[in-house]
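Below is one structure, written out as structure tokens; the observations come after it.
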Amino acid sequence: MRFVVDVGVALWIIENNVVVDPEHQLLAPASIRSHVLDTLYRSVQSGELSEEEGLRRNRAFGQLKMRLLGDAVLRRKAWAIADELGWASTTTAEYVALTQLQADAFVTLDEGLRTEVARLVRTASVDDLR
């Protein structure tokens, strides 16, 4: 299966040393690189993580086997989804758009988001990645 994973799931995989079933392919918008970096940096700045651990997790993210996409079709679809759902940003809409265009399911740890997008895409749990 092809799963789109968001920042929370990507970091969960790293933090928990999860081995993704080799039969599965992980996908994400190319913008996830910046989102992961920002999330880790903010965690270090708030004292939640040490700088060493934040940098280690960022390196581990760079080694995570994941296909990153960000073409014009994805961006246009994300715009339409954000507009349809009345979202103030297209950031999360990119994950939903990518799921519609390329994947079997979207994986997020955010239960509210999972519920909100369930009418647009199939969702899955992190346990489905193993």
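The values are calculated or read from the model by the stated rules, or taken from the named source; none is laboratory data. In this text the structure is predicted, and so the values were computed from the model without any measurement. We place every Cβ from the backbone using ideal geometry, glycine too, and count neighbours over all the protein chains shown.
Assess whether ASP104 counts as being of a type in the set (D, E, K, R) and within 18 Å of ARG67 (Cβ to Cβ). Here the answer is yes, as ASP104 does meet what is asked.
Pairs only if they're at least six apart or on different chains, beta carbon under 6 angstrom, first in region 92-112 and outside any helix (DSSP H, G or I), second charged (D, E, K, R) and crowded, with 21+ Cβ neighbours inside 10 Å; list them, first residue then second. Short answer, once both residue conditions are applied: THR108/ASP6.
Does ALA10 satisfy being modelled with pLDDT of 95 or more, in a helix (DSSP H, G or I) and either closer than 16 Å to ALA124 by Cβ or under 13 Å from the mean Cα position of the chain (by Cα) (or both)? Considered against the rule, which asks whether it is modelled with pLDDT of 95 or more, in a helix (DSSP H, G or I) and either closer than 16 Å to ALA124 by Cβ or under 13 Å from the mean Cα position of the chain (by Cα) (or both), ALA10 comes out as yes. Among the residues making up region 13-34, those that are buried (at least 20 other Cβ atoms within 10 Å of the Cβ) and either in contact (Cβ under 8 Å) with a residue 40 or more places away in the chain or in a strand (DSSP E or B) (or both) are ILE13, LEU26, LEU27, ALA28, PRO29. Say whether the condition of being within 22 Å of LEU26 (Cβ to Cβ), in a loop (DSSP other than H, G, I, E, B) and within 17 Å of the chain's Cα centre (by Cα) is met by at least one residue in region 75-91. Yes, some residue in region 75-91 is within 22 Å of LEU26 (Cβ to Cβ), in a loop (DSSP other than H, G, I, E, B) and within 17 Å of the chain's Cα centre (by Cα). ARG42 falls short on exactly one of the conditions (1) farther than 21 Å from TYR95 by Cα; (2) not in a helix (DSSP H, G or I), and that condition is (2).
Restricted to region 37-69, and to residues there that are of a type in the set (S, T, N, Q) and surrounded by 15 or more Cβ atoms within 10 Å (Cβ to Cβ), the residue that is farthest from the chain's Cα centre (by Cα) is SER43. Filtering region 114-130 to residues that are part of a helix (DSSP H, G or I), under 23 Å from VAL18 (Cα atoms) and free of Cβ contacts under 8 Å to residues at least 24 places away in the same chain leaves ARG114, ASP127. Within region 50-65, is there a residue that is outside any helix (DSSP H, G or I), in contact (Cβ under 8 Å) with a residue 24 or more places away in the chain and closer than 19 Å to ILE13 by Cα? There is at least one residue in region 50-65 that is outside any helix (DSSP H, G or I), in contact (Cβ under 8 Å) with a residue 24 or more places away in the chain and closer than 19 Å to ILE13 by Cα.
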